[in-house]
Every structure is written in C-alpha cells, then in structure tokens.
1. Taking θ = phi - 60°, what integer Hz values does the Karplus form 6.51 cos²θ - 1.76 cosθ + 1.60 yield along the range 182-190, in sequence order, with x for Gly and Pro?
2. Using a/c under 1.5 as the rounded threshold, could you call the chain rounded, prolate or oblate? The axes a ≥ b ≥ c are square roots of the C-alpha gyration tensor eigenvalues, and prolate needs a/b larger than b/c, oblate otherwise.
3. What pairs in 184/224; 97/184; 154/183; 104/214; 154/184; 59/96 have C-alpha atoms more than 25 Å from each other?
4. In whole angstrom, how far apart do the alpha carbon centroids of the range 181-222 and the range 69-117 sit?
5. Would you mind working out the magnitude of the charge dipole of the range 83-202 relative to its Cα centre, with +1 at each Lys and Arg C-beta and -1 at each Asp and Glu C-beta, to the nearest 20 Debye?
6. From the phi of every residue in the range 128-137, what ³J(HN,Hα) in whole Hz does the Karplus formula 6.51 cos²θ - 1.76 cosθ + 1.60 yield, where θ is phi - 60° and glycine or proline is x?
7. Note the per residue figure in Å³ for the convex hull of the C-alpha positions in the range 33-74.
8. Work out from phi, with θ = phi - 60° and the Karplus expression 6.51 cos²θ - 1.76 cosθ + 1.60, the ³J(HN,Hα) of each residue of the range 200-206, listed in order in whole Hz, and give x for Gly and Pro.
Amino acid sequence: MIDFHSHILHGIDDGSSSVEESIGMLRLEAEQGIRDVFLTPHFYPRYNTPEAFLEKRDKAEKELRAAMAKEEGLPRIHIGAEVYFFRGMSDSEFTKKLAFEGGKYILVEMPGGPWTDAMLEELVLIRQKLGIIPIVAHIDRYIAPFHTHGLPKKLEAMPVIVQANAEFFLQKKTERLALGMLKKGQIQIIGSDAHNLGERQPNLGMAASLIRKKLGRNALLQLKENSRRLLPSIYNM
C-alpha cells in the first residue's frame, strides 16, 4: 500500500524531529507492509515563503535519503507537501511547485469548520486553471467534529481526490462512518498522517487490517486500484 500523507521528513514542521526518528518511522511503515510513502510536510503561506520551504525540504530530503542508503527494506519515499488552503491558490505561481508526482496532485489542508462555497470553488479552479488535482487531506477532521455530513456528497461532484487518515478507521466512535464512506467510494485514498514514534506513529497497516476484516478483501483491492490508477509510474517501478 501507499501512505499518501505523512510528516516523516525531519526538522521541517511538527513531525519527525531527527533523521533517526524518520528512519524509525519508515521501519514501522515497512513492518506494516507499506511499500511507498509520501513525505508531505506542512506548508503555511502565512508563515513561510515557498522558496525557503523548498530549500529546507530539499536539504532534509537529501539527509534522509543518505541515511536510508545505509538501511535495507525501507519503503520508497516520494516528496510532496501538505499545503494549507489560501484564497487565490489557483492563481498563484508557486502552487505548482508544491505539487507532487510530477506536478499532478497537491495535498490541500482545508480550514477547520464548515467550508464556504468560495472555498469549494477554489478547489475546482485549481484543477481548471493549473491542471493540478487537489487531494483533500484528512476529510475525517471536517466531518465528525463539525457534523458536516453533507460534505462527502458535495466532494463527489467535484474534481478532487479525498484522503482519510488511518485514525478515522481505528477510532471506535468514527469507525462506522469511515467504513461507510469507503464503501460508498467517498474516500479514495488513505494515509497515516504520522508525526512521530509516540502517539502519532505510522498506523496505516492497522487500518488496512481493520478494513479487510470489516469490508473484505475487495475493499482493500479497491484502495490499491485507486492508488495504481493515480500513480501508475510508482506501480511500474
């Protein structure tokens, strides 16, 4: 499986604090059967410039790859970002620089609380103007806490991909909702959103096991097929 959302890259946000912790997190991913991991550190346009962010990210990536070369059996890593939503994303010159997989997708963290029509329209414009497909990060954070249960239906009609966190499936209070959305096709990909080796360690393998137990092998195969369809270059490696 592919972990589409993680904060394993060290020293760049509130995720991993060191190369050693990053390697430890990648070992956990490998133990859970995860073969590819997207490193998606937070980018907040209010607090950072794209140039400074990319310079810091590239430096950390080189350090991590050097450490990984001394290890065996770790997942392959792919670089990206989790970009906090801002008005005018579809008109910004640097939005494409924060996309991943050859500039095809961008992981977008939406603001908390109910979204306005203008926010939803901005997601559509990212696709129309820039040719980049928005991936809505951790949809679970916007549904359960704010009771916006109509949101998945709206997103179904939009040119976006919906990502959910493994925790959505692993928490008893949200398990039923998560499985129901997955069964309806309202969740296309999942990620660990792992930040450390403590309370927020990689857990995608556990979510995969639960999905298989509750919904059957075909549900997992569908997630894998979604990943293969989105990222054929990775599956052909």
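Any read-out appearing in this document is the output of simple, stated calculations on the displayed coordinates, not a laboratory observation. What you are looking at is a predicted structure, and each value in this text was computed from that prediction instead of being measured. Counting neighbours? That spans all protein chains shown, and the Cβs are built from the backbone with ideal geometry, glycine included.
1. 5, 5, 7, x, 8, 10, 9, 9, 10
2. Values: a/c = 1.55, a/b = 1.06, b/c = 1.46.
It is oblate, given that a/c is not under 1.5 and a/b is not larger than b/c.
3. On the way: 184/224 16 Å; 97/184 33 Å; 154/183 17 Å; 104/214 33 Å; 154/184 13 Å; 59/96 20 Å.
Violating the 25 Å Cα-Cα cut-off are 97/184; 104/214.
4. When both Cα centres are located, 20 Å separates them.
5. Working: 15 positive and 13 negative charges, 60 e Å.
In total the dipole reaches around 280 debye.
6. Calculated HN-Hα couplings, in order: 5, 8, 9, x, 10, 8, x, 9, 6, 6 Hz.
7. Numbers: hull volume 2.9 nm³, N = 42.
It is 69 Å³ per residue.
8. Per residue, the Karplus-derived 3J(HN,Hα) values read 10, 7, x, 9, 5, x, 5 Hz.
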